[in-house]
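We did not get these values from a lab; they are worked out from the coordinates using the rules stated. What you see is a predicted model, and the numbers here were worked out from it, not measured in a lab. Glycine gets a Cβ as well: all are built from the backbone with ideal geometry, and neighbour counts include every protein chain shown.
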Amino acid sequence: MKIHPFVLIGALLIACGIAALIHPNLSMPSKKHEVQIGTEKVIMETTRIIQLPKVFGVLLMIAGGSLIFLSTRKS
């Protein structure tokens, strides 16, 4: 059985949409500072938290579902 590539992309989009609905906060490193205190070196890292709106997750799931639906249709 051969799977169409659009079905795989659609399933991936649906999985990303579900993940965005379950865990809407993404944290990513923003800045990294090295501070020298005496003989010791301290590395300070700040993180940035991005909140994904629920609409984004729903749109990803709709896009994935439509890709799967349109790629499995008989023409």
**Report entry** Exposure proxy ranking, count of Cβ atoms within 10 Å, fewest first, for PHE56, PHE69
**Finding:** PHE69, PHE56
Report task. Among ARG73, ARG48, rank each residue by its count of other Cβ atoms within 10 Å, from fewest to most, as a rough exposure measure. Result -> ARG73, ARG48
Query - Angle in degrees between helix 5-22 and the longest Cα principal axis of the chain, rounded to the nearest 10 - result: 50
**Report entry** P(r) of the chain over all Cα-Cα pairs, binned every 10 Å from zero, in whole percent
**Finding:** 18, 27, 20, 15, 11, 6, 2, 0
Query raised in the report: Roughly what angle does helix 54-72 make with the longest principal axis of the chain, taking Cα atoms, 0 to 90 degrees, to the nearest 10?
Result: 40
